[in-house]
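The structure under discussion appears below in the form of structure tokens.
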Amino acid sequence: MAGTLFAVEVLLFDLEVASLSNIVIAAVTGTVVSKLFWSDETVFQIPFFTLTHPAELLLYFALGIAAGLFSLLFMGCVFGLTRFLDKSRIPAWLAPVLGGVIVGAVGLIKPEALGVGYETINAVLHGHILFAGAVFLLLAKLVTTSACVGSGMSGGIFAPSLFLGAALGSMIGSLAQLIWPDMPLSPAHYALVGMGAVVAGTTLAPITAILTIFELTYNYEIVLPLMTACIPAIIVVRLLHGYSIYETKLLVQGIRIVRGHDVNRLRNMQVSSYLWKECPVLRTQTPFHDLVQDVLTSNFPHFIVLDEQDHLAGVLTLRDIRALMADPDYDGEGVVAADLMQTSVFTVGEDQNMEEAFELFVRHKVSFLPVISSSDPKKVVGCLKKDDLLNAYNQYVLKDQIQPSARWICNLPDIKN
């Protein structure tokens, strides 16, 4: 179940039956195959969890805040190293070498920080590593994972997040035990909850984090502490950064993932399929009196202005000439379109998608965009109206949502616009 929700929260961002069913089938298949080879063996040996007092939830809340801040530190180290290597203009082939040197140096001092660290996590969960050891493990793993991922080497995020969460939780649990020695606090319990909190902070997938730890324990008592720690962790990351470590890595590469399928629909719609080819056109030398007649007889208040070579020169809107048309003393003698048009024009390419066009509409607060040819950036092939984009989107959504019914059950009526 946790693997299914991980795919939904991190990759899909929302629930759709068609996608969810495929993910469930894959998760079940993977589970069945693994049980055939490894039977009921588990990676972690989980201690029995119990919530000794409701006031202990305050400590789990503090753990969640710490996990959120540490998740930001983790991301800052990973992408800070990447940014440093880029600014240093170190060759791409040399960056992993430097990362390997850092990982190797730390490994000589603290070998437990190398690899996925499941044995070390088990040691933490059984209370064998307390405050001082947890601090060293936390710092060592932070450096090794940041050096590995930040330098471009192959490395994951999920398992290191579990490791870092266990070390952070053990550190905070041991510190609380030192401050309140009379309370029956177990650092292992905080390590277990810390694993979920850091996973939630780095991935922004709280349900996945909660279910992952719950499936390890099958103890309902851990759910409330997990919720108390995971939700503050993601709130901290959301407020101070806004993106998971996976999204941030894509953003650094110039790839923007927007949550939800609305933008994905726009990305699948090409401007060339929705442009208006009969957009009204003026010439740069069109006299004022002629362009006024064109404006009065046109159903569209915006005009594309072309030069003698049929290249885009500017745009002219009713707003540009409304004051002149309302002035009875203005005769417009010697005035042409080139004198009144706007030369600063925002355009969209015919090969671009509607998401990019929508961003231009929103950013520049315009109601239409000239569409330029993909082969000649000066040639106008039409224009795209904001209303057309919205209507096309509505039609696309309607087509996607209204599926043909089984005729032996019922016939859906035609949808009238």
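The values are calculated or read from the model by the stated rules, or taken from the named source; none is laboratory data. A quick note: this is a predicted structure, and the numbers were derived from the prediction, not measured. Using ideal geometry, Cβ is built from the backbone for each residue, glycine included, and neighbour counts are taken over all protein chains shown.
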What are the pairs with Cβ atoms under 8 angstrom where one residue, in segment 315-342, is under 11 Å from V292 (Cβ atoms) and the other, located anywhere, is of a type in the set (S, T, Y)? Sequence gap at least six, or different chains. L324/Y330; A337/T284; A337/T286
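Condition check ((1) small (G, A, S); (2) exposed (fewer than 11 other Cβ atoms within 10 Å of the Cβ)) across all residues:
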{"position": "A26", "(1), (2)": "yes, no"}
{"position": "V32", "(1), (2)": "no, yes"}
{"position": "T52", "(1), (2)": "no, no"}
{"position": "F61", "(1), (2)": "no, no"}
{"position": "V101", "(1), (2)": "no, no"}
{"position": "P111", "(1), (2)": "no, no"}
{"position": "L125", "(1), (2)": "no, no"}
Name, by its number, the condition in (1) of a type in the set (A, V, I, L, M, F, W, C); (2) at pLDDT below 85; (3) assigned by TED's automatic domain parsing to the domain that holds T228 that does not hold for I65. (2)
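Scan I121, I109 and give me the residue that is touching a residue at least 40 places away in the same chain (Cβ under 8 Å) and assigned by TED's automatic domain parsing to the domain that holds I245.
Values: I109 fails: touching a residue at least 40 places away in the same chain (Cβ under 8 Å).
Answer to the selection: I121.
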All but one of (1) modelled with pLDDT of 85 or more; (2) part of a helix (DSSP H, G or I) hold for D86, so report the exception by its number. (1)
Can we say N411 is outside the structural domain of N299 (by TED's automatic domain parsing), surrounded by 10 or more Cβ atoms within 10 Å (Cβ to Cβ) and either more than 27 Å from E278 (Cβ to Cβ) or at pLDDT below 85 (or both)? yes
